[in-house]
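S.K.: Before I ask anything, let me first share the structure, which is written out below as structure tokens.
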Amino acid sequence: MAYESEDMRLMGGVPGQQLFLYRTEDAAGTVTASGYFDEAVVDYTLDTGDIIIACTGADMAEAVDMLVAANTDGVVTVAGGA
């Protein structure tokens, strides 16, 4: 599977200090792979320092991770997950 913009919700903040909730049946390891959230740069102005609460896996209930995004020229990496 892959990132889906409709699975992400902006909870509040401003770029670089935004908080998101992301729910997907993708595995935690998939979600934390470099580039997974690249499209969110356009969809949500995802930027370095933004925080993503990711609920992942079967029924979106297998794992929950707090991720911090780093955006380098539109390529997003996250830290803090699985």
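S.K.: Select from the stretch 4-35 the residues that are aliphatic (A, V, I, L, M) and assigned to a helix (DSSP H, G or I) and write down the one among them that is farthest from residue 50 (Cα to Cα). Break it down stepwise before answering.
M.R.: Step one: filter the stretch 4-35 for residues aliphatic (A, V, I, L, M), giving 8, 10-11, 14, 19, 21, 27-28, 31, 33.
Next, from what is left, pick out any that are assigned to a helix (DSSP H, G or I): 28, 31.
Details: 28: 18, 31: 15 Å.
Restricting to residues being aliphatic (A, V, I, L, M) and assigned to a helix (DSSP H, G or I), the top hit is 28.
S.K.: Next question, about the same structure. Could you run through the stretch 27-54 and say how many residues are acidic (Asp, Glu) and more than 17 Å from residue 80 (Cα to Cα)?
M.R.: Here the count works out to 3.
S.K.: Could I ask something else about it? Considering only the stretch 57-82, state which residues are in contact (Cβ under 8 Å) with a residue 24 or more places away in the chain, more than 20 Å from residue 45 (Cβ to Cβ) and out of contact with any Lys or Arg (no Cβ under 6 Å at 6 or more places or on another chain).
M.R.: Within the stretch 57-82, 57, 58, 59, 62, 63, 65, 81, 82 qualify.
S.K.: Mind listing whichever residues of the stretch 42-82 are closer than 15 Å to residue 5 by Cα, surrounded by fewer than 17 Cβ atoms within 10 Å (Cβ to Cβ) and in contact with a strand residue (DSSP E or B) (Cβ under 8 Å, 6 or more places away or on another chain)?
M.R.: 43, 53
Laboratory data are not the source of any read-out in this text; all were calculated from the coordinates shown. Model, not experiment: these values are computed from the prediction. Neighbour counts run over all protein chains shown; Cβ positions are idealised from the backbone, glycine included.
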